[in-house]
Amino acid sequence: MADKITVYVSPETHRRLKTAASARGMSLSDFMVQAAEHAVHAPDRATAARQMDLVRGLAAGTVTRGDIQNMRREGRRF
């Protein structure tokens with residue numbers, strides 16, 4: 001049997017969490033377990049910052065006026 005954790009939140013927060021769970025077709029308990037699992041596996045701030053620096057480095061570049069005009073002609077947004 002799983003351990004039970006009790007968390008006290010305001011009635012407004014409880015209502016919002018229950019609404020979010022219901023919108024996903026989940027019980028509040030299942031929704032909270034999923035949220036906790038997501039939080040446990042999410043990168044810490046330092047790791048997330050390194051990942052964002054990598055993405056910024058890959059995306060860095062110069063976009064010319066011609067590039068923008070070509071994107072507009074193709075119907076792309078930038």
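The values are calculated or read from the model by the stated rules, or taken from the named source; none is laboratory data. Note that this is a predicted model, so its numbers are computed, not measured. As a convention, Cβ positions derive from the backbone with ideal geometry for all residues, glycine included, and neighbour counts pool all protein chains shown.
Odds and ends about this structure:
- Positions within segment 12-25 being touching a helix residue (DSSP H, G or I) at 6+ places or on another chain (Cβ under 7 Å) and not in a helix (DSSP H, G or I), in sequence order: 24
- Within segment 1-21, residues that are assigned by TED's automatic domain parsing to the domain that holds residue 33 have Cβ atoms under 8 Å from residues that are charged (D, E, K, R) and at pLDDT 95 or above in these pairs: 21/30, counting only partners at least 6 apart in sequence or on another chain.
Residues checked against (1) at pLDDT below 90; (2) in a helix (DSSP H, G or I); (3) under 30 Å from residue 3 (Cβ atoms); (4) of a type in the set (Ser, Thr, Tyr):
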| residue | (1), (2), (3), (4) |
| --- | --- |
| 31 | no, yes, yes, no |
| 35 | no, yes, yes, no |
| 38 | no, yes, yes, no |
| 49 | no, yes, no, no |
| 54 | yes, yes, no, no |
| 58 | yes, yes, no, no |
| 61 | yes, no, no, no |
| 75 | yes, no, no, no |
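- Per-region count, segment 1-23, residues more than 16 Å from residue 35 (Cβ to Cβ) and not charged (D, E, K, R): 4
- Looking across segment 25-51, the residues that are surrounded by 10 or more Cβ atoms within 10 Å (Cβ to Cβ) and among the charged types (D, E, K, R) come down to 30, 37, 50.
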